[in-house]
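A quick write-up on the structure given underneath.
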Amino acid sequence: MTNRKISNFEFATLNYFITRAFLIGVTFNAIINAMKQDSWIIPLLSIIPAFILIYFINYIMSYEPDLDLPEKIIKLFKKKIGIFIIFIMSLIFFIMGIINYLNLNNFVQSQFLSKTPMLAIAIMFAIGTYYILSKGIDVVCRTSNVLFYISMVLFVLSLIGLLPEFKLDNLKPFFTSDLDNYVQGLNDYYAFNVVPMLLLMIIPKDKIKNPKLKQTLIISYLLSAITLFLIVFQTISVFGYELSLLYEYPQFLVLKHVTLAGLSSRIESILIMQLLFDILILNTFIIYFISRNIHSTFNIRKTNLVYFIICSLMVISTIYVSKYNIYIDNLIKNIIPTVTSIFSIIIILLICIKIKMSKK
C-alpha cells in the first residue's frame, strides 16, 4: 500500500469492471441456457442480492477500517482458522481468475489471432498484468479510471449503432420461464457477477479518501447491472435466443451490425474492447487480492516476486485446463456457480457473526 488514498470514484470504477467481467463467454451463455428470451431480466433481478451483499461488505469494511480483509480475518478467527478461510477465498478467486483468463485467451485466439499459440497470448496478457501490478494499487486504480471513460464511450456508441437493428419480436413471448429457471439464472449471475465485489474488501476503508462505501458500491453496481442488461437485451433482440445460443460469442458478433457515420468495416473489433477491459481489470485485481492475502498471512515482503509467481501460475493453469474445455464448460454450468455462491454466503456470514460477537 502507498500513502496516496484512493478516491470514491476509483473505488467505483473498480466495482464497475469486476462486476461485468464474466458476461462474455460465461454468464451470458449460462443465463441464456436457463432463461432463453427472458435472460435480459436477470441483470435487473441481481440488484436485490447485490444490495444485500453491499450491506455486508460495508459492515465488514467498517470494522477495524485500517486493516485489510485477511488481517481482519486473522484477528477475528485467530491464525489457524483465519489462514484456512483466507486460503479458501484465495482458491475460489484463483479458480475464477483461471476461468476468466481462459475465456479471454479463447476469445482473442478465436476472433483475432487464430494462428497464434494460446501460450503466446497468455504470456502477453500476463506481462501487461504484471507491469500494472508492479506499479502498485494506485496505478491499478488510475488505469481503471482511464479505461472507464473509454468503456462508457464504446458502450454508448455500440448502443446507438444497434438501435436500428432491435427487433422486439425476438424477445416474445415474455416471462415464460418457470421458478427453477429464474433460480438457476440468478445463481449463475450472482456467482460470477456479484460475488467478485468481495475482492474490494482487500482495500482498507482508511485507504479510501472520505469513504462513502454504500453509496459508491450501489451507484457503480447499478451502472454495471444496467449496462449488462442493455447488452443482453440488445443481443437477444437482434439475434433471438436461438442464434445467441448457437454462437460462442454473440455479444461480439452482434457488433458487426453496428454502423456509425457510414463506417461498419471491423468496427466491432474496437467496440468489443469495453468487455475486454472488464476481464483485464478483474484478473489484475484477483492477482492483487491473492498477493495481499499471502503478504498479510505469511508477511512476505517481496511483492513483485509474488505477483510474478501468481501470474506464472495463472498462465500455466490456463494452458493446462484449456486442454479440457468440455469438462470446464460442464463445471462452469453445473458446479462452480453453486459452490461459489454457497461458500461466499457462508464466509460472509461467519465474518459478520464474528464481528458482532467481538463488539459485545
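The values are calculated or read from the model by the stated rules, or taken from the named source; none is laboratory data. The structure presented is a predicted model; accordingly, all values stated were derived computationally and were not measured. Neighbour counts are summed over all protein chains in view; Cβ atoms, including those assigned to glycine, are modelled from backbone coordinates with ideal geometry. We work out accessible area using only protein heavy atoms, side chains counted, and drop any ligands, DNA or RNA first. Shrake-Rupley method; radii C 1.70, N 1.55, O 1.52, S 1.80 Å.
Annotations for the structure displayed:
- Averaged per residue, the range 7-63 has 24 square angstrom of accessible surface, using a 1.4 angstrom probe with ligands and nucleic acids left out.
- The convex hull of the Cα atoms of the range 1-158, projected and averaged over all directions, covers 12.2 nm².
- Pairs of Cα atoms farther than 25 Å apart, the chain, %: 53
- Value of D in µm² per second that Stokes-Einstein yields for the range 10-53, Kirkwood Rh from Cα pairs, at 10 °C (1.306 mPa s): 137
- Counted by Cβ distance under 15 Å from I54, the other residues give a net charge of +3, where Lys and Arg count +1 and Asp and Glu count -1.
- Spatial separation of Cα centroids for the range 22-54 and the range 130-178, in angstrom: 15
- Counting every pair of alpha carbons in the range 255-360, the share spaced more than 21 Å apart comes to 65 percent.
- Applying 1/(1 + (r/R0)^6) with R0 = 56 Å to the Cβ-Cβ distance of I123 and F174 gives a FRET efficiency near 0.75.
- Spin-label proximity, I345 to the range 92-125 - amide N less than 17 Å from point 7 Å beyond Cα toward beta carbon: none
- Degrees between helix 8-18 axis and first principal axis of the chain (Cα, 0 to 90, nearest 10): 60
- For T303 and K333, the FRET efficiency from 1/(1 + (r/R0)^6), where r spans their Cβ atoms and R0 equals 45 Å, is about 0.80.
- Here the contact order of the chain, divided by its residue count and restricted to Cα pairs under 8 Å and six or more residues apart, works out to 40 percent.
- Cross-link reach list, aspartates and glutamates versus K172, counting only Cα pairs under 15 Å and skipping chain neighbours closer than eight places: D38, E242
- Using a simple spin-label model with pseudo-atoms 7 Å out from Cα toward Cβ, S269 and D138 lie 3.7 nm apart.
- For the range 294-316 versus the range 195-228, the inter-centroid distance based on Cα atoms is 25 Å.
- Taken along the Cα-to-beta-carbon direction at a fixed 7 Å, the label points for K75 and C352 span 2.0 nm.
- Residue ranges 204-215, 91-102, 326-337, 9-20 sort as 9-20, 91-102, 204-215, 326-337 when ordered by packing (mean number of other C-beta atoms within 10 Å per residue, highest first).
- Beyond 27 Å in Cα-Cα separation lie the following of the pairs K80/K212; K72/K214; K205/K354; K80/K214: K80/K212; K80/K214.
- Computed in the context of the full set of protein chains, the accessible area of the range 80-212 at 1.4 Å probe radius has 69% of its extent on carbon or sulfur.
- Computed from the Cβ-Cβ distance with R0 of 25 Å, the FRET efficiency linking I160 to F112 stands at 0.55.
- Most tightly packed first, judged by the mean number of other beta-carbon atoms within 10 Å of their residues, the peptides 284-291, 38-45, 178-185 read 284-291, 38-45, 178-185.
- Residue of F308, F112, F192 that the Gaussian network model of the chain assigns the largest fluctuation, springs spanning Cα pairs under 10 Å: F112
- A straight Cα-to-Cα reach below 19 Å connects K78 with the aspartates and glutamates E64, D66, D68, residues fewer than 8 places away in its own chain not being considered.
- In a DSSP loop and with at most 15 other Cβ atoms within 10 Å, the trypsin sites (Lys or Arg not before Pro) in the range 54-128 are K115.
- 3J(HN,Hα) from dihedral phi, the range 332-344, Karplus parametrisation 6.51/-1.76/1.60, rounded to Hz, x for glycine, proline: 5, 6, 10, 10, 4, x, 5, 4, 4, 4, 5, 5, 5
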